[in-house]
């Protein structure tokens, strides 16, 4: 089922307003491939009827299904490993010098199937060592997709998904493989993470600010005005001295919004004098 030019424009507008993702004309075939089956299964004869129903749906069920279909979730453990080396070697020692409460709050925004926040939790647990019990590390992990959050919160992964994890971590932070050869994260690590559904286009509701935020391979889907708004929201959500991580395929360019440049893909909110 093909999208007419008018339907495509309506669809792109809906995605931009409700999800924040910018879809160029080159995404037309992608959207047709991901939505045509949904439109037909629901009994609509064209995309216009589907969009009318989507806008009128009061339950939110159609929108949730829509988001599942158009979003892409791909990640893996220790992705862009130098970020986790930075957390261990530079960020954590720095936080220890000025964070008197010993409460560390972090946010994995766009956590997908959970590998990023779990890698962060294992990194902190490993780096803190014997000091682990005297520090409280709390990680919020959010994604717009409820389906992928169910996968993430289960903490269950196939053998090939954990193949690149250090053997010591595999022994310490995962249960032995079950009868299906699957590995599950231990409660020691799972208890450090709170998984929640969240749309980044919504106002940030957080009562306490974060000491670091990971937002990697998320803003590449947004247009420049949306990225500028989002970077400013991240800046405001960080404690002074807090760190902001994006992927190596991204850059803030001149859109620093007050951040200090630390190294490619790593930025910091200036500390108060």
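Laboratory data are not the source of any read-out in this text; all were calculated from the coordinates shown. Note that this is a predicted model, so its numbers are computed, not measured. Reconstructed Cβ throughout: ideal geometry from the backbone, glycine too, with neighbour counts over all protein chains shown.
Taking the radius of gyration and the Kirkwood hydrodynamic radius from Cα positions alone, what is the Rg/Rh ratio for region 45-99, to two decimal places?
1.40
With the Cα gyration tensor of region 5-70 in hand, convert its eigenvalues to equivalent ellipsoid semi-axes via √(5λ) and list them largest first in whole Å.
17, 14, 11
Starting from one equal scatterer on each C-alpha and no solvent at all, send me the Debye-based log10 I(q)/I(0) for region 109-163 at q = 0.15, 0.18, 0.20 Å⁻¹, two decimals.
These q points yield log10 I(q)/I(0) values of -0.50, -0.67, -0.78.
Would you mind getting me the FRET efficiency between residue 255 and residue 199? Use the beta-carbon distance for r and R0 = 25 Å, nearest 0.05.
0.75
Where the centre of each part is set by its Cα atoms, how far does region 7-60 sit from region 88-125, in angstrom?
Here the answer is 37 Å between Cα centres.
Kindly give the semi-axes, whole Å and largest first, of the ellipsoid equivalent to region 165-273, taking each as the square root of 5 times a Cα gyration tensor eigenvalue.
Gyration-tensor ellipsoid for region 165-273: 32, 16, 16 Å.
What percentages, rounded to whole numbers, describe P(r) for region 225-273 computed over all alpha carbon pairs with 5 Å bin width beginning at zero?
Per 5 Å bin, starting at zero, the Cα-Cα P(r) for region 225-273 comes out as 5, 22, 35, 25, 10, 2, 0 percent.
Just need the relative contact order of region 81-268 here, percent rounded to a whole number, with Cα pairs under 8 Å and 6+ apart.
Averaging sequence separation for qualifying contacts and normalising by length gives 21 percent for region 81-268.
Kindly work out what percent of the DSSP beta bridges joining two residues of the chain are antiparallel, to the nearest 5.
30 percent
Restricting to region 132-273, compute how many DSSP beta bridges are antiparallel as a %, nearest 5.
If I count the DSSP bridges inside region 132-273, around 50 percent turn out antiparallel.
Return a whole-number percent for the relative contact order of region 46-147, with Cα pairs under 8 Å and 6 or more residues apart as the contact set.
So the answer I get is 34 percent.
For helix 47-56, what angle does its Cα long axis make with the longest principal axis of the chain, in degrees from 0 to 90 and rounded to 10?
Once rounded, the angle reads 60 degrees.
Given points 7 Å out from each Cα along the Cα-Cβ axis, report the residue 38 to residue 248 separation in nanometres with one decimal.
Going from the residue 38 label point to the residue 248 one covers 3.3 nm.
Helix 28-41 versus the longest principal axis of the chain: what angle, 0 to 90°, nearest 10, using Cα atoms?
The angle comes out at about 70 degrees.
I'm a student and want to see the number: the projected area of the Cα convex hull of region 81-268, averaged over all directions, in nm².
One quarter of the hull surface, i.e. the mean projection, equals 10.9 nm².
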